[in-house]
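For reference, the structure discussed in these notes is given below.
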Amino acid sequence: MYQQGTAGEAKLSEAGVQVFPNPTVHSFTIWAQEVPESNGVVWVYDMKGVLREQAVIPKGVRSVKVGEKLLPGTYILKYQYNGALYTQKLLKL
């Protein structure tokens, strides 16, 4: 389960990572400005803290799509990238 306010988390924009389009009706693209030095992991949680999607992003891959099967609603994206953990709110219409 996701617990909001975990110490050591930062916003994705602080890492040169973009999530777009947000909001969306289809899927979200996560794009990193720098090539990841190690495998990354993406978790998408609903607002109740239930994990709805997880994806591993292989080392060297700069973008990935997530959320295509999510129902409309608000979600929290967590992305472990280059040794740090980042979060962003997502809105699926």
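Checking the conditions here, which among Glu68, Glu34 is over 19 Å from Ala15 (Cβ atoms) and among the charged types (D, E, K, R)?
One residue alone meets the criteria, Glu68.
Can you tell me how many residues in the stretch 38-57 are open to solvent by 90 Å² or more (accessible area, probe 1.4 Å) and in contact with a Leu (Cβ under 9 Å, 6 or more places away or on another chain)?
Counting residues in the stretch 38-57 that are open to solvent by 90 Å² or more (accessible area, probe 1.4 Å) and in contact with a Leu (Cβ under 9 Å, 6 or more places away or on another chain) gives 1.
If a residue must be within 10 Å of the chain's Cα centre (by Cα), among the β-branched types (Val, Ile, Thr) and at pLDDT 95 or above, how many such residues does the stretch 43-72 contain?
Residues flagged as within 10 Å of the chain's Cα centre (by Cα), among the β-branched types (Val, Ile, Thr) and at pLDDT 95 or above within the stretch 43-72 amount to 2.
The values are calculated or read from the model by the stated rules, or taken from the named source; none is laboratory data. This is a predicted model, so every value here is computed, not measured. Quick reminder, even Gly has a Cβ in these numbers, built from the backbone with ideal geometry, and neighbours come from all protein chains shown. When the accessible area is computed, the model is the full protein with side chains, heavy atoms only, and any ligands, DNA or RNA have been set aside. Shrake-Rupley method; radii C 1.70, N 1.55, O 1.52, S 1.80 Å.
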